[in-house]
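The values are calculated or read from the model by the stated rules, or taken from the named source; none is laboratory data. The structure presented is a predicted model; accordingly, all values stated were derived computationally and were not measured. All Cβ positions, glycine included, derive from the backbone under ideal geometry; neighbour counts span all protein chains shown. Only protein heavy atoms, including side chains, enter the accessible area calculation; ligands, DNA and RNA are left aside. Shrake-Rupley method; radii C 1.70, N 1.55, O 1.52, S 1.80 Å.
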Amino acid sequence: MSRRVAAIKTDLKSKTKLEGWVLPRETASFADPGTWTNIDVDVTPEERRTWSAYTILGYWFSDALNAQSWMAPASIIAIGLTWREAIVCIIFGSLVCTVPLVLNGMVGARLHVPYPVAIRASFGWYFSRFAVVTRAITALFWHAIQTYTGSTAMTQIIRSIWPSYLDIPNHIPESVGITTQGMISHFIFWTVQFPILLIPPHKLKWFFVAKCVLVVTTSVATVITMTSKAGGAGDIWNLPYGVHGEARSWLILSSLSSITGGWATMATNIPDFTRYLKTDRGVYWQVAFLPGIQLMLGLFGIICCSASKVVYGKYIWDPLEIASHWDGPSGRAGAFFVGLSWVVAQIGTNLSANVISCANDICCLWPKYVNIKRGVIFATITAAWIMQPWKIIHSAQSLLAFMAGLGIFLAPIAALLSADYWVVQGQKYDVPGLYRAHGRYRYNKYGTNWRAVVAFLVSVCPTLPGMAASVNPEIGPKIGGAQKLYYMFYFWGYTSAFVVYAALSYFFPAPETKIPATIYDDSEIISGEEKGGSDTPDISKGKLEVETSPV
């Protein structure tokens, strides 16, 4: 024991200097000699390809089953549309998002490389870092908000056991944006969440299954409880339109784009997860999984909200706020399970959508110092504490609008990855070349593909005025029709970037990136033709075994 304590002290002392954080240099399959890399950046080893189509189903249940999806219809109905438009927007908005999910998911499923590595093919060695940083910042923001939402679920768990918990006196100034009791809940939730976030991605499938069973069961029970209390499903189905004519049409388009843009982050970095698939079959199932899960949870939210008007005299969209009205022994027991399910739901969403993605990004930017485990630790501490999510929620509506608008940057990034793999390169990538600073995907001495730069600017610039107006409504009347373009920012952003990049690459090709077949290994070229649903080639052939880096 004394030796272990001494070893810990020595390790902690070494961490006081930058050199103490350097990871052991590992021998990888394709990286340049003398460079740092680790198993989390490298091509996924065959033993870690443990995911199947059922795992993808569990993954999407883990990602989409969260409080924000439950409340998604609220924002649509609140602007004057009805439940019918809410359902249509959820279905078609999700379906549109499955296009980049499938196209980009195939990159990870077939090549088994993470998103920060795959994006080098279209952006270039150095410009790809811009795409990686953009995705990492978005992940940090959403991890912060999802963690704070989880803390409200933790409050329901605690108060169901000790009702006096809600009476804890507040000693935090109002300007901070959180109470003493809220801070305690936030700390407890983060403490519970932290060790779960450290589970390696290839071992998460059973967590996804557990979350699916728990959240779906609790959601159905909540619907049954509320309709039983209300004696039916309420009257939200009879609400009239609040807008008409052209304004209604633009609001529907805006709502569609918002639903699609809500999944812009996953559509961009889905290779981070599909890289763990045994075969590429599971990628196609996303077309059914995401819209189906979104529709189910959206309907649950609408029904419970409608019933809450009958029971409590007002429309309540937040399932945790509904549970907060349940008192008495049976009511508190119900609140406990609702709180528990949404705690698990938020942790699962953070895992599948935010933390692992951010950790992959940081890991690829600084492989000398960061592996996935260290990246997770950095991401969750930064998001939960340094960024102070309670201030984001309570005192910065303009920041929330800015976060929603980050989709205008992610849409062209997702489009460029799709267009490059499927159209420009014809599904033929040089995998070893993706890991080399002076390989075929460097493009020029600046490590930048100018075609990607042009396509990105064509996609983003026209929507910037609309984004600015969403942050500061006062400038709305000054930008004219640009506001309407922002209403469909994801459709415009993805389509325009895809078309412009493909066109520029056709008329001004980069010959050095053209290869007759996919190169999976330095020693041989394997046919680039792949049959749908067939096993993907073993691209770890010939590589040296690497060891997982320590924390």
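I need to check one value: relative contact order of the chain, counting alpha carbon pairs closer than 8 Å and at least 6 residues apart, in percent.
Computed over the chain, the figure is 29 percent.
Once a ≥ b ≥ c are taken as the square roots of the eigenvalues of the Cα gyration tensor of the range 299-358, is the result rounded (a/c under 1.5), prolate (a/b larger than b/c) or oblate (a/b not larger than b/c)?
It is oblate, given that a/c is not under 1.5 and a/b is not larger than b/c.
With the full set of protein chains in place, find how many percent of the accessible area of the range 119-200 is carbon and sulfur; take the probe as 1.4 Å.
The value for the range 119-200 is 73 percent carbon and sulfur by accessible area.
Taking 8 Å as the Cα distance limit and 6 or more residues as the minimum spacing, I'd like the relative contact order of the range 72-159 as a percentage.
Answer for the range 72-159 is 11 percent.
Rank by packing, highest mean first: peptides 160-173, 109-122, with packing defined as the count of other Cβ atoms within 10 Å averaged across residues.
109-122, 160-173
Return the FRET efficiency for the residue pair Asp235, Val499: r is the Cβ-Cβ distance, R0 is 45 Å, and the value is rounded to the nearest 0.05.
0.45
If one takes the longest principal axis of the Cα atoms in the chain, at what angle in degrees, from 0 to 90 and to the nearest 10, does the Cα axis of helix 489-507 lie?
Tilt relative to the chain: about 10 degrees.
Could you work out the per residue convex hull volume over the alpha carbons of the range 131-263, in cubic angstrom?
Residue-normalised Cα hull volume stands at 225 Å³.
With a probe of 1.4 Å, find how much accessible area the chain has per residue, and write the answer as a whole number in Å².
Per residue, the chain has an accessible area of 41 Å².
Give, as a single signed number, the net charge of other residues whose beta carbon lies under 11 Å from the beta carbon of Gly58, with Lys and Arg counted +1 and Asp and Glu -1.
Neighbourhood net charge equals +1.
How big is the gap, in Å, between the Cα center of the range 31-65 and the Cα center of the range 224-243?
Cα centres, the range 31-65 to the range 224-243: 43 Å.
How large, in percent, is the carbon and sulfur part of the accessible surface of the range 282-355 at a probe radius of 1.4 Å?
So the carbon and sulfur contribution to the accessible surface is 68 percent.
Tell me the relative contact order for the range 409-497 as a rounded percent, counting alpha carbon contacts under 8 Å between residues six or more apart.
36 percent.
Return the tail of the calculated pair distribution for the range 363-490, meaning the percent of Cα-Cα pairs more than 24 Å apart.
The calculated P(r) of the range 363-490 puts 53 percent of pairs beyond 24 Å.
Counting each pair of different Cα atoms once, what's the Kirkwood radius of the chain in Å, rounded to one decimal?
24.6
Multiply the residue separation of Lys278 and Ala78 by 0.36 nm, subtract the distance between their alpha-carbon atoms, and state the gained length in nm to one decimal.
67.7 nm
Express in whole angstrom the spacing between the alpha-carbon centres of the range 154-174 and the range 297-351.
18
Counting pairwise Cα distances across the range 64-128, what percent come out greater than 19 angstrom?
Cα-Cα pairs of the range 64-128 separated by over 19 Å account for 54 percent.
Can you give the Rg to Rh ratio for the range 99-158, taking only C-alpha atoms and Rh from Kirkwood?
That ratio is 1.19, to two decimals.
Helix 372-381 versus the longest principal axis of the chain: what is the Cα-based angle in degrees, 0 to 90, to the nearest 10?
The angle comes out near 30 degrees.
With r as the distance between the Cβ atoms of Phe187 and Asn444 and R0 = 41 Å, compute the FRET efficiency 1/(1 + (r/R0)^6) and round to 0.05.
Efficiency, from the Cβ-Cβ distance: 0.25.
Can you give the net charge of the other residues whose Cβ lies under 14 Å from the Cβ of Ser69, counting K and R as +1 and D and E as -1?
Charge balance in the 14 Å sphere: -1.
Would you mind calculating the gained length between Arg25 and His244 on full extension (0.36 nm times residue separation, minus the Cα-Cα distance), in nm to one decimal?
Full-extension gain reported as 72.5 nm.
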